[in-house]
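Novice: Take this structure first; my questions come after.
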Amino acid sequence: MKPRAPLPLPAIFGIPAAIALVTAAGLVTALLDDGLVDALSWAALSVPVLAAARSWWNRER
Amino acid sequence: MTNRTIRVWTLIHKWTSLICTVFMLLLCLTGLPLIFHDEIEALTAEHTLPPMPAETPLKSLDEAVASALATYPGERPLFLSFDEDRPVVNVTTGPGARPPVSQMHISAIDLRSTRILADLNDDKGFMHVMLRLHVDMFAGLPGELFLGFMGFLLFVATVSGVVIYAPFMRKLSFGTVRAGRSRRLKWLDLHNMLGIVTLMWVVVVGLTGVINTLSVPLVAYWRSNELAAMIAPYAGKPVPERFASVDAAVRTAMAAAPGMRPQFIAFPGVRFSSNHHYAVWLKGATPATNRILTPALIDAETGAFTDMRSMPWYMLALRLSQPLHFGDYGGLPMKILWAVLDVLTIVILGSGLYLWVARRRTAQDHADAAPGLRSAVGEAAE
């Protein structure tokens with residue numbers, strides 16, 4: 001890895017914070033109603049899983 | 001962050017994780033089948049109602065209770081709960097007002113015939129063992145509270161993990177997994193990546209689990225404060241010899257709370273009622289309000305309405321902690337996602353353990369070359 005300047009905190013935590021917010025929204029929405037809202041919740045809770053899968057597919061070999 | 005700060009957070013992460021990891025692995029492994037307990041039980045249990053004419057009138061709740069008591073002579077009714085989508089009530093009986101769970105009997109009763117469909121007293125099956133290991137490791141309330149404390153340690157480990165995530169990632173873009181160098185580096189990156197993407201789910205499921213372990217003390221607190229205030233004129237009265245009609249109590253409660261439906265009824269003397277009352281626990285009719293329960297107290301001697309009050313905040317928190325911990329409120333796709341996130345958590349726990357072992361081995365191998373503690377930052381620059 002080429003040496004480069006340390007990343008600022010917003011760059012480190014930007015994507016993780018977005019994933020956390022989407023997860024939280026997914027956890028709460030399904031409590032409020034049934035039907036369409038459940039589907040939104042499934043989409044939201046897929047985000048952390050897909051982020052993990054993407055990191056694994058793109059791993060440095 | 002200074003190196004010293006990082007080192008302190010690293011130590012917090014290391015020790016809180018080490019203490020709780022074995023128990024968290026147990027909880028994740030036993031929790032996996034529990035996510036699907038409805039589906040698994042549907043495979044084994046008899047769930048179809050015997051065919052009867054569609055217009056068959058329903059018997060009364062009092063007859064259902066009598067049917068359960070006839071099956072378990074000498075016992076008394078404790079709870080009656082309603083099935084969501086079929087004319088079935090579940091009547092719990094026991095030898096006294098507050099017997100241990102092992103002495104309770106639960107009967108699923110067909111309201112069209114008051115025949116007992118099934119006794120739900122599974123205390124040997126696989127799912128029961130999973131549940132007990134998950135809830136209290138067969139150690140009762142102390143076991144429950146102990147697991148609650150382990151859950152709290154998991155929360156501290158998660159927060160400290162987020163703090164030391166920053167120095168690790170100072171020169172890496174999000175989601176980097178360096179799988180082509182050393183095995184340790186691969187698992188370090190995976191541990192960090194999985195830890196940060198599952199963060200919110202782990203925190204919510206972990207903390208709601210902790211709240212669930214506090215159920216017994218919270219209900220006891222509610223009973224001796226809020227409930228005691230509702231039934232002040234009845235203070236000190238014994239449990240009545242004979243109970244008035246359950247059906248009448250439910251009708252009285254529903255008349256006092258239009259638009260609400262009964263979820264379950266607690267008989268006099270049990271944990272969820274007073275010594276002198278039926279507590280009819282009512283739920284709202286909409287998806288957003290049907291998780292919020294309101295107890296209506298009905299005098300079990302006279303059948304008169306006594307009081308009804310909304311739950312205090314800590315009982316609401318306890319109530320909402322159940323779906324948020326179980327993942328049972330969004331259909332099968334949600335359960336599958338719950339299971340996937342649970343497995344990812346197992347990978348985080350396992351890799352954390354591996355990193356600790358591998359690190360110790362490396363530290364011993366290079367005891368001369370690298371004296372003292374290598375800072376977390378040094379690791380990231382490998």
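Novice: Lysines near B:Lys283 by alpha-carbon distance under 27 Å, same-chain residues fewer than 8 away left out - which ones?
Specialist: B:Lys59, B:Lys335
Novice: Relative to a virtual label point 7 Å from the Cα of B:Glu63 in the Cα→beta-carbon direction, which members of the range B:241-274 show backbone nitrogen distances below 15 Å?
Specialist: Counting backbone N atoms under 15 Å from the label point, the list is B:246-248.
Novice: Which order do B:His37, B:His134, B:His276 fall in if you start with the one that has the fewest other Cβ atoms within 10 Å?
Specialist: B:His37, B:His134, B:His276
Novice: Return the sequence-ordered ³J(HN,Hα) values of the range B:235-243 in whole Hz as given by the Karplus equation 6.51 cos²θ - 1.76 cosθ + 1.60 applied to θ = phi - 60°, using x for Gly and Pro.
Specialist: Going residue by residue, I get 3, x, 5, x, 5, x, 5, 10, 9 Hz, with x marking Gly and Pro.
Novice: Considering only B:Thr5, B:Phe155, B:Thr93, whose Cα is most displaced toward the positive end of the charge dipole of chain B, charges sitting on Cβ of Lys, Arg (+1) and Asp, Glu (-1)?
Specialist: Positive-most Cα among the choices belongs to B:Thr5.
Novice: If I histogram all Cα-Cα distances within the range A:9-60 using bins 10 Å wide from 0, what percent of pairs lands in each bin?
Specialist: The percentages, shortest bin first, are 25, 42, 25, 7, 0.
Novice: Obtain the nm distance between the two label points defined at B:Gln364 and B:Ala339 by a simple spin-label model: each point lies 7 Å from its Cα along the Cα-to-C-beta direction.
Specialist: Simple spin-label model gives 3.9 nm for this pair.
Novice: Which Cα, out of B:Ser60, B:Ser274, B:Met169, lies furthest along the positive dipole direction of the protein assembly as shown (beta carbon charges, K/R +1, D/E -1)?
Specialist: B:Met169
Novice: Per residue of chain B, what 222 nm ellipticity follows from adding -39500 (n - 2.57) for every DSSP H run with n ≥ 4, rounded to the nearest 500?
Specialist: -17000 deg cm²/dmol
Novice: Now a separate question. Compute, for the range B:263-324, the length of the dipole vector about the Cα centre, with Cβ point charges of +1 (Lys, Arg) and -1 (Asp, Glu) only. Units Debye, rounded to 20.
Specialist: Working: 5 positive and 3 negative charges, 67 e Å.
Roughly 320 debye for the range B:263-324.
Novice: Sticking with this structure for a sec: When B:Leu218, B:Leu18, B:Leu293 are ordered from fewest to most other Cβ atoms inside 10 Å of their Cβ, what list results? Before the final figure, lay out the partial values.
Specialist: Numbers: B:Leu218 17, B:Leu18 14, B:Leu293 21.
Exposure proxy ranking, most exposed first: B:Leu18, B:Leu218, B:Leu293.
Novice: Please compute the modelled spin-label separation between A:Leu21 and B:Glu84, points set 7 Å along Cα→Cβ, answer in nm with one decimal.
Specialist: 3.2
Novice: So how much slack lies between B:Ala288 and B:Ala139, counting 0.36 nm per residue of separation and subtracting their Cα-Cα distance, in nm?
Specialist: Taking 0.36 nm per residue and subtracting the Cα distance, the gain is 50.1 nm.
Novice: So how much slack lies between B:Ile19 and B:Arg319, counting 0.36 nm per residue of separation and subtracting their Cα-Cα distance, in nm?
Specialist: 105.1 nm
Novice: Something else: Which lysines, on any chain, are close to B:Lys171 with Cα under 28 Å apart, when same-chain ones fewer than 8 places away are left out?
Specialist: Answer for B:Lys171, where 28 Å is the Cα cut-off: A:Lys2, B:Lys14, B:Lys186, listed by chain and number.
Novice: Additional query: Quick one: dipole size for the protein assembly as shown, taken about the Cα centre, charges +1 on Lys/Arg Cβ and -1 on Asp/Glu Cβ, in debye to the nearest 20.
Specialist: With Lys and Arg at +1 and Asp and Glu at -1, about 2500 debye.
Novice: May I ask you to compute the full-extension gain from B:Val219 to B:Thr302, defined as 0.36 nm times their residue separation minus their alpha-carbon distance, rounded to one decimal in nm?
Specialist: Stretched fully, the B:Val219-B:Thr302 segment lengthens by 27.3 nm.
Novice: So, one more: Could you line up B:Phe146, B:Phe168 from fewest to most neighbouring Cβ atoms inside 10 Å? Please report the intermediate quantities before stating the final value.
Specialist: Numbers: B:Phe146 15, B:Phe168 22.
With the fewest neighbours first, B:Phe146, B:Phe168 line up as B:Phe146, B:Phe168.
Novice: For an R0 of 51 angstrom, estimate the FRET efficiency from the Cβ-Cβ distance between B:Ile346 and B:Glu241 and round to the nearest 0.05.
Specialist: Here the calculated transfer efficiency is 0.45.
Novice: Sticking with this one: Send over the Kirkwood Rh of the protein assembly as shown, from the inverse of the averaged 1/r over different Cα pairs, rounded to one decimal Å.
Specialist: Taking every pair of different Cα atoms in the protein assembly as shown, averaging 1/r and inverting gives 24.8 Å.
FYI, it's all coordinate maths here, none of it is from the lab. Predicted model only: the values in this text are computed from it and were never measured. Don't worry about glycine lacking a Cβ; one is built from the backbone with ideal geometry, like all the others, and counts go over all protein chains shown.
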